[in-house]
Every structure is written in C-alpha cells, then in structure tokens.
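To start, the structure itself, in structure tokens.
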Amino acid sequence: MDILSLFVILPVLTVIALGFTKDLKQARILSMIGGLVQLGMAINLLFSYFRERAVNDSIMLFTRDVVWFEQFNIHYNIGVDGISVALILLTSIIVLAGVFISWKMEELPKEFFISLIVLSTGVYGFFISIDLFTMFVFYEIAVIPMYLLIGIWGSGPKEYSAMKLTLMLMGASAVLMVGILGIYFNSNADGGALTFNILEIAKVNIPFEAQKLFFPLTFIGFAILGALFPFHTWSPDGHASAPTAVSMLHAGVLMKLGGYGIFRVAMYLLPEGAIEWSWFFIILSAIGVIYGAFAALRQTDLKYINAYASVSHLGMVSFALLMLNKTAWNGAILQSLSHGFMTALFFALIGMIYGRTHTRDITKLGGLLKVIPFISVIYVVAGMALLGLPGFSGFVAEMNIFMGAFQHDSMFYRIVTIISISAIVVTAVYVLRVVGIMLMGPVKNEAYTKLAGVTWYERTGILLLLIPIIGIGVAPLWISNMIMESIQPFIQGVL
Amino acid sequence: MNLINLILIPAIPLAVFLVLGIFSHKIKPAVSGVVGVAGLATSTLLSFYTAWQYFFVLGKLDGVYQTFVEKITWMQFTESLHIDMGVLIDPISVMMLIVVSTISLMVHIYSRGYMKGDDGYTRFFAYLSLFTFSMYGLVLATNLFQIYIFWELVGVSSFLLIGYYYTKTSAIAAAKKAFIVTRFADFGFLIGIFIIGFYTNTFDFQTLNDPQGPAILTWASSSFMGLSVITWALILIFMGGAGKSAMFPLHIWLPDAMEGPTPVSALIHAATMVVAGVYLVARLFPMFYMVEDGFALNIVAYVGAFSALFAAIIAITQTDIKRVLAFSTMSQLGYMMMSLGVSGFDGHEGVGYMASMFHLFTHAMFKALLFLGAGSVIHAVHSNYLKDMGGLRKYMPVTNITFLIAALAIAGVPPLAGFWSKDEILVAAYENSQFLYGIGVFVAGLTAFYMFRIYFGIFWGKETNYKHAPHESPFSMTLPLMILAILSIGAGFIPFSEFVTADKAGFATHINLELAAIAIVAGLLGIVLAWIFYKKENDLAFRFSNAFGRFYTWTSHKFYFDEIYLFIARRIFFQSVAAPIAKFDKKIVDGTMEGIGNQTVVVSRKIKGMQSGKVQDYAFGFIGGVVILALVFIYIWTN
C-alpha cells in the first residue's frame, strides 16, 4: 500500500470500526486513535517528502496511477507536492483537535464521528488527487456529510442553514462541473487523447477562447467554497448553526479546498484565462477583504464575527492567487494554512464559551478573563494572531501577500493592494471590540462566576491548534521554502 | 563584539516572560518580582558591558565608530528580497540599549513596591518582560521589517499594560484606542516599507542608508504626484513613527494611555516606546537627509515643532498630573523630532541629530523620574488630580526633592541634564530657521511653567486635609527615584557629541552663551510665573483662565480632538460604513441568494403537480414521452 492511499483508506477503516461501537466512550476513543494515527502519518509524510524531494525533482511525488473508468480516461491518479503535504498536515491536526473538542458529544455520537471522518476522507482525497474527475468526486464526498452534520447536530435554525449551505455548495459544484468538463473536452487541443490528468493537461495549449469561457466557471465554482464575495452568505449562517467541530473542520479545512482548487485547477490549467479575468476577480476579492472586515465589526454573535472574518481572510487568499507571482502565491498558501488553524481555534474557543454560558451574544457576556482565564487568554492570543501580530502565522502570510501584490507596478494594483492592506486596521478594531466587550470589563452575569474550568481534552485541542500558529509565525522559513519550491513549476506555467 | 552577549540581552527578558506567563498561577508574587528584577539586572549589566566595549575598547576606526551586524534570513520573499533577524550595533543602538535597560530596571525595582498586593502581580512582571524584550529587539533591528515586527510587539505590550486593570471601562477604552491609533499609523508605515522593498529590493538599514546605495542614488528615477516614490515612502514611514511617538495629529492615544499603572507610564509612555518614532527617523537619517534634498525631513521638523507647541499649551490646562506629564512627553518628543528635522549630516552640521539623541537620553531619565515621582504621590493620596493634593512636601521629602530635581532638569536650568540637551536643540534650530528657534524658546518657557505649576500644586499650594496622613513611599520605590535623580543631574555632563553623531565621527561642542542665556531666561520666567500663580493658594490662575475665555475652554478640552476622532470612528465608520454593510449583506446579497432559492421552490411547486400518484397521469406522461422520442429519432434518422 502506498503512503498516500492510506490517507483515504484509514478513515474508511475507522468509519467501519465506528459502526461497531456502542456508546460515546468507545466512539471517541476510536476516533481519537484514528486521528492520532492520521496525524502520525501526516508527520511521517512530511519527513518522507523532505527526503524524497532531495533526490527527486518531478512536480508530484509518491505518485500512483490506476485506471478506474477507462471509457472516459478517468484515473485514480494521486501524488503530492509541498503544498498538498502542508494542507494534509493541516487537515490531520484539525480533525484530531475536532475529535477532542467533541469529547462530550452526547447526541448520536457514533453517527456524528462517522460523518466527521467521512468528511475528512473527502478532504484528504481531494488534496492528493491529480486527476480532475477523482478530485471532483472527493470534493463531493467532503461536502455532502456537511448537510447531515449541520441538519442533525446543529443549533438554531439548523435545517434552514444546512439547506442553504448545501444548496449553494451544490450550485457551486454544478458550475464547477461545467468548468471541469470544459477543460476535459479541450484537453486534446494539441492532439492526443482526452484526459483528466492535471499534469498532462497543463502541457496542452488550451485555446484562448475556451480558457476565457471556462476560467470564470472553474474559478467561481471553487471560490464559492472559499466564500468569495458575493457568494459568501452560506458561510455565516452555516457556521452559526453548525456544531463546534463541524465549524472547525468546515472553516479550517473545507473552505481551503476552494483556494487549493483555484490554484491547482483554474490557475494552472487556464493561465491565459486567469490573466484575462484577473482584474475582475481581484476587485471582487478586494471588496471581500474589506467588506468582510466591516461586516464583522457590526456583528454581535461570536460565530458570525468569525464567519465574516473568514470572508475577509479568505478574500485575501483569492486576492493573492490572482496576483500571479511566487511571493503572493506563497502568501496565499500560507494564509490558507494560517487561517485554517486560527479559525479552527476560534471556533473551538467559541464552542467552549457557548458550552459554559449558553450564549454567543457578546453584549450578554463580559469579564470572562476573570472567570475562565485560560480560555480567555487563549482567545486574546488567537485574536492577536488574527489581526496579524508578528510571531504568529497570519503575519507571515499577509506580508507575503502584500509584498507579492506590490510587485505589480500599476495604479490599479496599487489601489486594490492598499485597500486590502487597510483591512489590517479594521481587523484590529473588530478583534479588540470583542476582547474589550466580552473578555475584559466587569463580570456581567452573576451566574458566570461559577463557570467550569477548562478540561484536559479542551486544553489538548487548543494546544494542537496553537502550536502550529506560533510555529509558523516564529520560524516560517522551512515551510515557506517547501511551498515556494512547489510553486515554481506552476508559476512557469502562468508566465 | 560578543554575539552571545548581544543575543542574551533580549533573550533573558523573553525567557522571563515565558516562564512568568505560562506559570503565572503557580508562581508566588515574591518570586516573580525577584525573577523579573534579576533577569533585567543581568540584561542591564550586559548592555553596559556592550556599551563600554563598543565605545572604549573597540573605539573608532579611521575616525568613525564602526557598525557591527550579525543576521540570519528569517523569511524569503523573492530570491533577492528577504527579511532578516539580527543585531545591529552602532552608536544609537548602543545608546538605546543603555536607556531601555536603565529605565526598565528602575521601573522593575519600583514596581515591586508599587504593585505590592495587586492580584495580577506576576502578570504585571510578565508583561514588563515582554515589553522589554520587544524594545530590545526594536533597537537592535538590522532592517526595516525587523523593526516593524518588534514595533508591533511593543505596541501589543503597551496594549496589555494600558489595559492592565482590565475590569475598568476607561482602561479598556484607552488600551483599545492606543492600539488602534498606532495600528492606523502602522498601516502607513507598512506601505512605506513595501514601497522601499519594491523600489530598492532591500530592507537592510545599511544598504538603504548607504549614500551610494539604491535608495539614495535612485530616488529620482520614479515619481508620484510630483514627489519621488522614496520620499513618499519616507513620509509614510514617518507616519508610523508619528503614531508611536504621539505626534500631532496621531497623539490622541497618549493622554488616555495614562490609565495604565504609573510605572508603565514611566517606562513605556515616557522613556522608551514613545521614543521609538524618533529612533526610527534617526535610524533612517541618511535617507531622510539625502533623498530629494530632505523634503521628508522638513515635514518631520514642522510636525515636531507644531506638536511641541500644541502639547505644551494643552499641558498648562490639565488637572490630572499624569496627563500633564503625558502632554509634556508629547511636547518633548516634538522637540526631538524638530531637532532631527533641522539637522545636517557632516561634522558640526549634524548638531541637530546629536542634540535629538542627547535629549532622548536625558529626557528618558528625568521624565521617568517625574512619572515615578507622580506614581509615588498617587500611591500616597490615591488620586491623580491636583485638587486632591497640596502641601505634600512635609509628608514626602524624598519624592519632593527628586521631583524638584526632575522639574528643574526639564525646565532647562543649568547644570542639570535637560539644560545641556535642550540648549543643543535650540542651537540646531537657530542655525536652521529663526521661526523654529522661536517656537523652541517659547515651548521651553511653557515647559518650565506647566511643570512648576504641578510641582507647586502637589508639594506646596493649599493645605489639604487628608483623611489618612500621606507618608513617604517604601525604599523599593524611593531608591529608583534617587538613582534617577542623580542621573538627571549628571547625565548632561556626558560629552555626547563625542559618541553619538550622524556621521559617527564625533565633534566638539561649545556652549553658545547668548543662546544659552535666552533659554535659561525663558525657563526661569516660566518658573517664576508658576511661583507667583501656584506657590500659595490664590485666585490668580482662575482669573487668568477666565480672561482667556473660549481659548481656555478649547485648550482644556485638548482642542476637541478626541471628540473629532470619536465622531469619525463611531459615526462615520461604525454607523455609516459597517452598519450599512452588515445590513446590505443581510438584505441584498443574502436576499438575492434567498430569492433564487425561493424561486426554485415556486417553480418546483408548479411542476410538483405532475407527480400526482395517479397511474393514468404517469401512463399519459410515459406514452407522451415515447411519442416525442419516437418523433425525434425519426427526425434524426431521416436527415
């Protein structure tokens, strides 16, 4: 068995085993073991990758190719580069943290963990696919459990939110499918057979007219998942209704599929289309960056604040990708990682606060630093990370994005870049607003003086997420080098 | 230079921060105080050792002090553009090491008494260590990005320390305000850095300041709205500096920052962090001076001079002693900026640069002393307001004497420290512009007046009846006062122009008797006026403030700048931008998506009737379908 397929097989095995568990205790222990093994595999993959990269300079490593639908030339074709390795590591950490955060999932625990792990299977599969069709299948596997997870274990208007989220993401899939088929039917432009293989298609000169037509479809299809303005509205409602671990996984990992897909498919396969359309999507992304920040400023529900913050931060990802240079792309990938860890951490903390106080309305909370110091201090730290304080991963990512954006010497780029940079001020305002209202100040509600302290599994979940944020923030060079190296062949395709 | 020593200087406070921060609930207050002080004492010793080695052992080579740089790559943007982390040793960074170490150590010792019994004692020392670490990193920075990184870190330490009493609403507001205003300034700073990075392909101070380097040689190559892009970058970088150093119009956070504990005000908001802006301009001085004939430098000079005047006027009317000191700080920082702004480069031409650094040095000593003295007073009477004080000289002799020394020093009375540095600044201004010189002298008079206004108000003036008789502070608090008092007396005798100059070569200074006399007269005049007004309780001050009428009201409200900014923040950004966006998102963007969804439902309802469950309907549909398909096939077949 090859090292990559294990990432798909192990979750499937875990799911089967979960089918035999009887209660919460067994289900969570099994999920934790599954998560730990995945994390171990991801770390092992990272080191194997470094070893292999030293001797092998092909674009994708650990490749494997099996035909599974000969008629349309669809393959189970997998392989990784530095970017997918980094994202796999992200996924494994968030899945494990999500299991810890769901330690007390009383309601239908077995089914909950099964859905959660099915979701992660889809994500892993997506990150290792080189075949467009296989990638798309995994994408659907990741999206569909979302409906159940929100619809069953959610809170508030959960049916509405689940439906909204699923419908919008399915709409996105439909658009994306058209884009992918468009690429597929043009993959024989230079002669040869039709293929879904990304590396093969990249060598083909797809006609400009086709690129112009299919780039926006592919881009929008993926970008809806990445909450691009104005297609982001599923995200605040969806996150607000979703249970904690689902929000973590969704915002932390699933939304990253958007940026990754744009990079791997839209940009790489349709570079001329990208250049043609970049101005338009840059404007949308820049609007998203500043718009999300301002919208977050006005919310009172913690999850809405975080959801809009995600709109702003992921707007930065598509903004960076559209800058079409190495520095900005490096920033985009780093931002995906960094946002993944940060937003998962935020949702975890919000879940802990909600679990204790039964409200997410910041106007009803106050003085939490006094009553639940550990959670509150970490919330402040996470807030500092979110507003791009040096020493945390967000700073490194944002600086790469902005420096990359500054490489374009024209008035249009300068203006959109400066608008995007100005978000750092607005971000500071909405982060400090929450810190000021919710954490500082006098304790607002007598009942809050007796809140439960933090438990060991909550602490573990938090630390799992916090360590990479600080790790990347303090010593960014190794991961940035790994990403930069992998961007090289892609940037050559574009320029 | 010994690299390990240099790294240990910031590393020790960092380690102390991590230990105290992570184990804050397990460590006893007594232990954390000792750990904090001991850690910083070590760093201070190493700083002094470094200074001694740099100035006296290594000394000059070919008549100039050398620059030592050690760095590693921290982050790579492109093949040639990268962020380094490292240490840079030259006269101004060594001088800053001394300033930061000395003041921070004094404040650490003082805090052991001042913060005694406070709930967050350990947390306080952890924050102090975090701040000191960040400040060391800032002064030792080798490049623009490194200075920005630590710049942000000192900003966040300042936020944490201002908001130290986090259950107090005013403290939270002040902390947020300080962070957001400086963050706004840093937005400019950051864009300036990016411009520099893009056009010169380096962030490195030495390359940037090199007269033959890309920044200074090629400034003319590209222009934007009539100015060189490099000039724009410098103006934006100065915006960052102005934010940190509370220059007009980004000064509004500094008075409110006084909500923090007083030792913090002394350390961060008087002696160290707020001079970071001045330090930044000094660090990039060759660029400021040489690019486009010093256009950006002129802006520095005028912003500095205006801030000095503006703040000094406001300081006269404030009744909270810490706010008087805050405006005084702003005014003195304006002095330093102005001095840099009028400076030349070579030899004696660079007297402004030297004077600015000299004043930074002496000001740190006496302003920290003033704040710590004020803290001692506040500790005794439990109030910040002049109305609750008076006649304290009898109860607090040490505080009284040391405060008087500091007040005399800042008023520029010879031979105390402030006199020497202020005199050099006035010389520099005089040689450059009569107008700025005039402002400088006037501000010197105002400074003496407002400082003695509070001195007399606290220690003389009316006889207040105290509920509990105030008493002198404990030795841990008076010891730093005495040490700083000695420094405030003696620091002026350091031959500063031998050590710290723009061209690093040093020059000899001579006192200009005429200018010195004018400055002394201005200072004495201020003191005498204050003596007449405030020594004994009388209504002179009241009558005068009435005579000024509207102007007095405006001044005591700090010219309503807080209100203006609050209006912009709340009315314009929060209510007129953020609120409509939130509404737009809910109603229009989401509404559209919702509309599409609802339309689908409407359409599906219409079609739903087809699935009626009646066999005859399905049969009809089936046969109809077959017929249509048959027709299609026949059509295709026949063509």
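What follows is calculated from the coordinates using simple rules that are stated; it is not laboratory data. Computed from a prediction, not measured in an experiment: that's the story for all the values here. Positions of Cβ are generated from backbone atoms using ideal geometry, with glycine treated the same way; all protein chains shown enter the neighbour counts.
Subtract the Cα-Cα distance of B:Glu472 and B:Ile401 from 0.36 nm times their separation in residues, and report this length gain in nm to one decimal. Could the numbers behind the result be given before it?
Details: separation 71, 0.36 × 71 = 25.56 nm, distance 1.20 nm.
Length gained between B:Glu472 and B:Ile401: 24.4 nm.
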Cα centroid separation - the range B:228-280 against the range A:323-352, whole Å = 31
Could you tell me which of rounded, prolate or oblate describes the range A:217-303, using a ≥ b ≥ c as the square roots of the eigenvalues of the alpha-carbon gyration tensor, with rounded for a/c under 1.5 and, failing that, prolate when a/b is larger than b/c and oblate otherwise?
-> oblate
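For A:Arg51, B:Arg323, what ranking results if the residue with the fewest other Cβ atoms within 10 Å of its Cβ goes first? Don't skip to the end; give the middle numbers.
Working: A:Arg51 11, B:Arg323 21.
Least to most surrounded, the residues fall as A:Arg51, B:Arg323.
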With only Lys, Arg, Asp and Glu charged, each at its Cβ (+1 for the first two, -1 for the last two), find how big the charge dipole of the range A:6-494 is about the Cα centre; round to the nearest 20 debye.
-> 1500
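Which of the trypsin sites (Lys or Arg not before Pro) found in the range A:53-143 are loop residues per DSSP with 12 or fewer other Cβ atoms within 10 Å of their Cβ?
Numbers: sites: A:Arg53, A:Arg64, A:Lys104, A:Lys110; in loops: A:Lys104.
Counting only loop positions with at most 12 other Cβ atoms within 10 Å, the trypsin sites (Lys or Arg not before Pro) in the range A:53-143 are A:Lys104.
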Charge-dipole axis of the protein assembly as shown as Lys and Arg at +1 and Asp and Glu at -1 on Cβ define it, positive-most pick from B:Ala311, B:Ala530, B:Phe633 = B:Ala530
Give, as ranges by residue number, the residues of the range B:304-330 whose backbone N falls under 19 Å from the point 7 Å along Cα→Cβ of B:Lys387.
-> B:315-325
Modelled label-to-label distance, B:Ala579 and A:Glu106, 7 Å Cα→beta-carbon offset: nm?
-> 4.1
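Is there a simple number for the mean count of other chain Cβ atoms within 10 Å of the Cβ of residues in B:156-166, and what is it?
Details: counts 6, 0, 0, 5, 2, 0, 0, 6, 0, 1, 11.
If you average over the peptide's residues, the count of other-chain Cβ atoms is 3.
Per-residue counts of other Cβ atoms within 10 Å, averaged by peptide: what ranking do you get for A:425-438, B:459-472, B:271-284, highest first?
On the way: A:425-438: 23.1, B:459-472: 14.2, B:271-284: 26.8.
By packing density, highest mean first, the sequence is B:271-284, A:425-438, B:459-472.
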Using only Cα atoms, locate the centre of the range B:374-409 and the centre of the range B:558-573, then give the distance between them in Å, rounded to an integer.
-> 34
Could you point to the residue in B:Phe131, B:Met95, B:Thr73 farthest towards the positive end of the range B:62-173's charge dipole, with +1 and -1 charges on the Cβ of Lys/Arg and Asp/Glu respectively?
-> B:Phe131
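Would you mind counting up the charge near B:Ser24? Only other residues with Cβ under 12 Å from its Cβ, with Lys and Arg at +1 and Asp and Glu at -1.
Details: positive: B:Lys26, B:Lys28, B:Arg123; negative: B:Asp119.
Charge balance near B:Ser24 sits at +2.
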Which of the lysines could a cross-linker span from B:Lys587 if the Cα-Cα distance has to be under 16 Å and same-chain partners fewer than 8 positions apart are dropped?
-> A:Lys164
Please report the relative contact order for chain A, taking Cα pairs under 8 Å with a sequence separation of at least 6, and give it as a percent rounded to a whole number.
-> 15
Approximate spin-label separation B:Glu70-B:Ala41, in nm, with each point projected 7 Å along Cα-to-Cβ | 2.6
How high is the FRET efficiency between A:Phe185 and B:Ile588 when r is their beta carbon distance and R₀ equals 51 Å, given to the nearest 0.05?
-> 0.90
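Give me B:Phe145, A:Phe100, B:Phe507 ranked fewest to most by other Cβ atoms within 10 Å of their Cβ, as a rough exposure proxy.
Working: B:Phe145 27, A:Phe100 24, B:Phe507 15.
Taking fewest neighbouring Cβ atoms as first place, the list is B:Phe507, A:Phe100, B:Phe145.
Mind checking the mean number of beta-carbon atoms from other chains within 10 Å of the Cβ atoms in A:324-336?
Values: counts 0, 1, 3, 4, 1, 0, 4, 1, 0, 0, 1, 0, 0.
What the average comes to for A:324-336 is 1.
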Given backbone amide H placed at 1.01 Å from N, residues whose amide H is under 5 Å from that of B:Gly120, ignoring those fewer than 5 places away on the same chain, are none
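Can you tell me the FRET efficiency between B:Val601 and A:Ile275 if r is taken as the Cβ-Cβ distance and R0 is 51 Å, rounded to the nearest 0.05? Walk me through the intermediate numbers first.
Numbers: r = 40 Å, r/R0 = 0.78.
Efficiency computed from Cβ-Cβ geometry: 0.80.
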Between A:Asp65 and B:Val632, how many nm apart are label points set 7 Å from Cα along the C-beta direction?
-> 3.7
With +1 on the Cβ of every Lys and Arg and -1 on the Cβ of every Asp and Glu, the dipole magnitude of the protein assembly as shown about its Cα centre, in debye rounded to the nearest 20, is 3700
Any idea how far the Cα center of the range A:46-102 sits from the one of the range A:176-212, in Å?
-> 23
Can you give the charge dipole size of the range B:92-192 about its Cα centre, rounded to the nearest 20 debye, using +1 on the beta carbon of Lys and Arg and -1 on the beta carbon of Asp and Glu?
-> 220
Once you have the Cα-Cα distance between B:Lys26 and B:Phe622, take 0.36 nm times their residue separation minus that, and quote the gain in nm to one decimal.
-> 206.6 nm
If unit charges are put on Cβ atoms (+1 for Lys and Arg, -1 for Asp and Glu) and the dipole of the range B:441-506 is taken about its Cα centre, the option from B:Ile486, B:Gly457, B:Ser473 lying farthest towards the positive end turns out to be B:Gly457
In Å, the C-alpha Rg and Dmax of the protein assembly as shown are 32.7, 119
Could you grab the relative contact order for the range B:3-556? Cα pairs under 8 Å, six or more apart, rounded to a whole percent.
-> 14
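Counting only helical runs of four or more DSSP H residues, what would the 222 nm mean residue ellipticity of chain B come to if each run contributes -39,500 (n - 2.57) and the total is spread over all its residues? Walk me through the intermediate numbers first.
Details: 28 runs with 432 residues, N = 639.
So the calculated ellipticity at 222 nm is -22500 deg cm²/dmol.
Once R0 is set to 30 Å, what does the formula 1/(1 + (r/R0)^6) return for the Cβ-Cβ distance between A:Asn445 and B:Ile564, expressed as a FRET efficiency to the nearest 0.05? Before the final figure, lay out the partial values.
Values: r = 36 Å, r/R0 = 1.19.
FRET efficiency, A:Asn445 to B:Ile564: 0.25.
If neighbour count is taken as other Cβ atoms inside 10 Å, put A:Leu324, B:Leu6 in order from fewest to most. Kindly include the intermediate steps, with their values, before the conclusion.
Working: A:Leu324 19, B:Leu6 23.
Starting with the residue having the fewest Cβ neighbours, the order is A:Leu324, B:Leu6.
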Helix A:109-128 sits at what angle to the longest principal axis of chain A, using alpha carbons and giving 0 to 90 degrees rounded to 10?
-> 30
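Working from the pairwise distances between different alpha carbons, so that the mean of 1/r is found and then inverted, what is chain A's Kirkwood radius in Å?
Details: mean 1/r = 0.0445 Å⁻¹.
Hydrodynamic radius (Kirkwood, Cα only) of chain A equals 22.5 Å.
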